[in-house]
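This report refers to the structure that appears directly beneath it.
The values are calculated or read from the model by the stated rules, or taken from the named source; none is laboratory data. The model shown is predicted, which means the values in this text are computed figures rather than measured ones. Using ideal geometry, Cβ is built from the backbone for each residue, glycine included, and neighbour counts are taken over all protein chains shown. We work out accessible area using only protein heavy atoms, side chains counted, and drop any ligands, DNA or RNA first. Shrake-Rupley method; radii C 1.70, N 1.55, O 1.52, S 1.80 Å.
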Amino acid sequence: MSPSENEAYQLFILAEAGVERIRLRASQAPDSAPECHETDGFVMTVDEAMALRPIPHEVGPGWRCGCTYRPAG
């Protein structure tokens, strides 16, 4: 499963569980990209996330996007 497919599946599972709003969470790993930390904590609806597909981020060489979606309380 590609990173993009994995993130789409993650959104699908959250929507099926009744989650309406999600929060982007950046990985705390040392190889996590700076672009990820810029959006850490951003909240949106599941529908917005499905349309925008904000993760995985486009990152520079040597970096990886380790962001995830979490339910927003």
Checklist entry - Considering Pro54, Pro61, which residue is open to solvent by less than 60 Å² (accessible area, probe 1.4 Å), at pLDDT 85 or above and not in a helix (DSSP H, G or I)? => result Pro54
Checklist entry - What are the pairs, 6+ residues apart or on separate chains, where a residue within the range 53-71 that is within 11 Å of Ser32 (Cβ to Cβ) has its Cβ under 7 Å from a residue that is among the aliphatic types (A, V, I, L, M) and surrounded by fewer than 15 Cβ atoms within 10 Å (Cβ to Cβ)? => result Gly66/Ala29
Checklist outcome for this item: In the range 15-36, anything surrounded by 14 or more Cβ atoms within 10 Å (Cβ to Cβ) and either of a type in the set (A, V, I, L, M) or outside any strand (DSSP E or B) (or both) is listed as Ala15, Val19, Ile22, Leu24, Ala26, Ser27, Ala33, Glu35, Cys36
Next on the checklist: Would you confirm, using the coordinates I've provided, whether Ser32 is of a type in the set (Ser, Thr, Tyr) and either within 11 Å of Gly66 (Cα to Cα) or touching a helix residue (DSSP H, G or I) at 6+ places or on another chain (Cβ under 6 Å) (or both)?
Outcome noted: yes
Next on the checklist: Given the options Ala8, Ala49, name the one that is at pLDDT 90 or above, assigned to a helix (DSSP H, G or I) and surrounded by 13 or more Cβ atoms within 10 Å (Cβ to Cβ).
Outcome noted: Ala49
Checklist entry - Which residues, taken from the range 64-73, are open to solvent by 80 Å² or more (accessible area, probe 1.4 Å) and modelled with pLDDT under 90? => result Arg64, Gly73
